[in-house]
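In what follows, a structure is listed as structure tokens, so that the remarks can point back to it.
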């Protein structure tokens with residue numbers, strides 16, 4: 001992939017899903033044994049060009065996700081490097097036991113890509129939103145979970161996951177006109193978080209589309225005299241324990257921001273490590289508070305669930321105030 | 001004709017050895033009990049495949065081997081017994097069946113050294129694996145076949161039909177689904193729980209070349225596997241079988257779905273081996 005300002009802008013405009021399609025198209029050139037499997041979502045996953053260019057490296061299984069995972073495992077057992085993709089709820093929970101048995105337990109290597117995860121499809125209701133995928137897949141041993149911050153990171157994550165020997169789930173959030181977090185090339189390594197801002201009071205861990213919102217929140221917090229570090233925790237499993245240890249030493253408060261249920265996701269992952277750290281600071285977990293709300297536009301739902309930059313700012317300020325009073 | 005008789009005798013002998021191995025494993029499982037009935041109903045099917053039909057050799061990882069998937073994984077006693085007869089699993093290892101840290105659990109766990117190509121146990125998943133393998137072999141221009149053994153009770157699972165639809169859609173003529181129709185499932189007869197009488201029509205309407213035969217009649221199985229047709233579609237065999245086949249105490253007795261083989265019944269079983 002040619003990384004330059006123009007391409008980064010294009011990827012941002014078309015969003016993570018279409019960027020995934022472009023990345024697949026590029027990777028198919030160099031990876032002979034690549035197979036991309038979908039369940040009647042080639043257009044939604046930005047794979048129309050891929051499908052036409054590489055018909056031999058593409059398989060549409062129809063609207064049948066359980067079968068897709070089994071077929072993926074069968075292809076993998078014969079040496080193919082397999083990517084599966086469909087909308088996040090159907091890529092994960094619909095075929096969860098097939099993932100457990102074939103990919104987790106049997107260890108057939110597959111890279112799964114869940115498109116439009118989080119709240120992006122809020123107009124369609126919570127059948128199509130996905131706030132449970134990290135929690136569900138995190139309990140299956142052997143699956144790496146990645147939540148890219150922007151379209152460019154989606155491309156990097158896909159390449160890394162395909163070239164890795166481990167199975168993975170790439171969780172795509174955001175929509176078209178995906179805000180740009182990375183304006184230039186950087187080093188992406190599975191399991192190694194990226195510190196985007198350095199601050200002394202608070203450390204915000206974030207993933208997916210919430211990275212941009214957290215960066216914006218940080219600017220507003222600075223205006224309020226609160227200095228924040230921002231860490232892009234693009235890999236949620238395995239979690240970057242060193243980054244958490246480091247934050248424990250240097251911050252008064254830890255915050256996690258995610259477009260996922262507060263149960264089972266990034267905040268849970270961090271807290272599972274945090275309980276092993278002596279005298280660790282508190283962790284404020286910001287996400288969807290274990291509820292299926294009424295639907296609405298992406299922005300409306302982010303606001304409603306406290307994930308807009310302003311809401312994140314207020315939540316952190318209130319938490320700090322309470323701590324000071326306590 | 002002489003070849004046919006010779007082959008049929010070979011398959012018959014293999015079946016006797018499988019039942020003997022199954023008895024040994026079930027007995028060594030002791031109070032742990034085992035899925036006895038559903039393993040015995042597939043003995044002739046597995047024997048025909050492993051001793052005659054399937055292309056295999058001494059190397060369990062031979063690239064040109066035919067692939068076998070036991071989708072009804074709980075019938076693994078028959079599978080392990082066959083892998084022992086073809087030399088991949090030792091008699092000694094068979095005795096570790098369901099023991100602590102064993103390679104041979106009550107459902108097959110992938111183990112390339114022992115010739116176990118896939119992991120199964122949760123019903124309704126094996127045919128999808130078979131499709132993936134079948135497509136892979138075609139892509140590599142290999143003319144090997146893939147054999148998947150399913151249960152009739154297993155056909156209650158919706159995922160079986162997702163796979164059935166896909167296999168005919170992709171015209172996978174190197175794929176066989178052998179449905180062990182023993183008319184029982186865990187807690188009773190299929191007739192009472194989820195009627196499977198029209199299985200042949202179902203597979204046929206899903207686009208498979210479907211036959212119904214006696215799954216214990218080696219000559220019938222032999223004839224079927226010797227009929228080569230250019231069908232351009234996957235093949236389903238509804239194998240009419242008897243759960244617990246081969247021993248007077250277990251035939252058609254669903255108490256033997258998962259049960260303990262006592263010393264006296266083990267000895268009785270040994271005497272009944274023919």
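The values are calculated or read from the model by the stated rules, or taken from the named source; none is laboratory data. Predicted, not measured: the structure shown is a model, and the values here were computed from it. Virtual Cβ from ideal backbone geometry, glycine too; neighbours counted across all protein chains shown.
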The residue from B:152, B:201 that alone is at pLDDT 95 or above, farther than 23 Å from residue A:78 by Cα and in contact with a strand residue (DSSP E or B) (Cβ under 6 Å, 6 or more places away or on another chain) is B:152
Just a yes or no: is a residue in the range B:108-123 modelled with pLDDT under 95, away from chain A (no Cβ under 14 Å), in a helix (DSSP H, G or I) and closer than 28 Å to residue B:152 by Cβ? no
Assess whether residue B:188 counts as being over 30 Å from residue B:60 (Cα atoms), facing chain A (nearest Cβ under 9 Å) and surrounded by fewer than 23 Cβ atoms within 10 Å (Cβ to Cβ). no
Output for the range A:232-243, where each listed residue is farther than 12 Å from residue A:266 by Cα and either in contact with a helix residue (DSSP H, G or I) (Cβ under 7 Å, 6 or more places away or on another chain) or surrounded by 24 or more Cβ atoms within 10 Å (Cβ to Cβ) (or both): A:241
Top-ranked residue in the range A:123-144 [being assigned to a helix (DSSP H, G or I) and surrounded by fewer than 24 Cβ atoms within 10 Å (Cβ to Cβ); ranked as nearest to the other protein chains (Cβ to nearest Cβ)]: A:136
Over the range A:235-278, the set of residues out of contact with any strand residue (DSSP E or B) (no Cβ under 9 Å at 6 or more places or on another chain), in contact (Cβ under 8 Å) with a residue 24 or more places away in the chain and more than 23 Å from residue A:149 (Cα to Cα) is A:277
Based on this model, can you work out whether residue B:135 counts as touching a helix residue (DSSP H, G or I) at 6+ places or on another chain (Cβ under 6 Å) and either closer than 20 Å to residue A:60 by Cβ or not in a helix (DSSP H, G or I) (or both)? no
Within the range B:188-198, how many residues turn out to be in contact (Cβ under 8 Å) with a residue 24 or more places away in the chain and either under 17 Å from residue B:69 (Cβ atoms) or part of a loop (DSSP other than H, G, I, E, B) (or both)? 2
Would the range B:88-95 turn up any residue that is over 27 Å from residue B:233 (Cα atoms), within 14 Å of chain A (Cβ to nearest Cβ) and out of contact with any helix residue (DSSP H, G or I) (no Cβ under 9 Å at 6 or more places or on another chain)? no
Of residues in the range B:98-107 being surrounded by fewer than 24 Cβ atoms within 10 Å (Cβ to Cβ) and over 30 Å from residue B:168 (Cα atoms), the one nearest to the other protein chains (Cβ to nearest Cβ): B:105
Within the range A:95-122, restricting to residues that are within 14 Å of chain B (Cβ to nearest Cβ), closer than 13 Å to residue A:167 by Cα and in contact (Cβ under 8 Å) with a residue 40 or more places away in the chain, the one that is surrounded by the fewest Cβ atoms within 10 Å (Cβ to Cβ) is A:107
Could you go through the range A:223-230 and let me know if any residue there is surrounded by fewer than 24 Cβ atoms within 10 Å (Cβ to Cβ), in the same structural domain as residue A:267 (by TED's automatic domain parsing), without any contact (Cβ under 8 Å) to a residue 12 or more places away in the chain and part of a helix (DSSP H, G or I). yes
With the condition kept exactly as written, say whether any residue in the range A:22-35 is away from chain B (no Cβ under 14 Å), in contact (Cβ under 8 Å) with a residue 12 or more places away in the chain, more than 25 Å from residue A:175 (Cα to Cα) and in contact with a helix residue (DSSP H, G or I) (Cβ under 8 Å, 6 or more places away or on another chain). yes
Can you pull out every residue in the range B:149-184 that is away from chain A (no Cβ under 13 Å), farther than 16 Å from residue B:74 by Cβ and part of a helix (DSSP H, G or I)? none
Out of the range A:235-294, which residues are assigned to a strand (DSSP E or B) and over 20 Å from residue A:122 (Cβ atoms)? A:235, A:236, A:237, A:253, A:254, A:255, A:256, A:282, A:283, A:284, A:285
Within the range B:134-148, tally of residues that are within 10 Å of chain A (Cβ to nearest Cβ) and farther than 9 Å from residue B:175 by Cα: 6
If we scan the range B:207-225, do we find a residue that is over 21 Å from the mean Cα position of the chain (by Cα) and closer than 28 Å to residue B:171 by Cα? yes
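For (1) closer than 28 Å to residue B:227 by Cβ; (2) within 16 Å of the chain's Cα centre (by Cα); (3) touching a residue at least 12 places away in the same chain (Cβ under 8 Å); (4) surrounded by fewer than 20 Cβ atoms within 10 Å (Cβ to Cβ), each residue gets a yes or a no:
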residue: B:6; (1), (2), (3), (4): yes, no, no, yes
residue: B:9; (1), (2), (3), (4): yes, no, no, yes
residue: B:15; (1), (2), (3), (4): yes, yes, yes, no
residue: B:25; (1), (2), (3), (4): no, no, yes, no
residue: B:42; (1), (2), (3), (4): yes, yes, yes, no
residue: B:46; (1), (2), (3), (4): yes, yes, yes, no
residue: B:51; (1), (2), (3), (4): yes, yes, yes, no
Can you find, within the range A:74-94, the residue that is farthest from the other protein chains (Cβ to nearest Cβ) among those that are out of contact with any strand residue (DSSP E or B) (no Cβ under 8 Å at 6 or more places or on another chain), within 21 Å of residue A:164 (Cβ to Cβ) and without any contact (Cβ under 8 Å) to a residue 40 or more places away in the chain? A:77
If only one of B:167, B:163 is out of contact with any strand residue (DSSP E or B) (no Cβ under 8 Å at 6 or more places or on another chain) and surrounded by 18 or more Cβ atoms within 10 Å (Cβ to Cβ), which one is it? B:163
Given the condition part of a loop (DSSP other than H, G, I, E, B), within 11 Å of chain B (Cβ to nearest Cβ), closer than 30 Å to residue B:157 by Cα and within 20 Å of the chain's Cα centre (by Cα), answer yes or no: does some residue in the range A:60-73 qualify? no
Quick one: would you say residue A:155 is under 27 Å from residue A:31 (Cβ atoms) and in a loop (DSSP other than H, G, I, E, B)? no
Just the residues that are surrounded by 15 or more Cβ atoms within 10 Å (Cβ to Cβ) and in contact with a helix residue (DSSP H, G or I) (Cβ under 8 Å, 6 or more places away or on another chain), please, taken from the range A:306-316. A:306, A:307, A:308, A:309, A:311, A:312, A:313, A:316
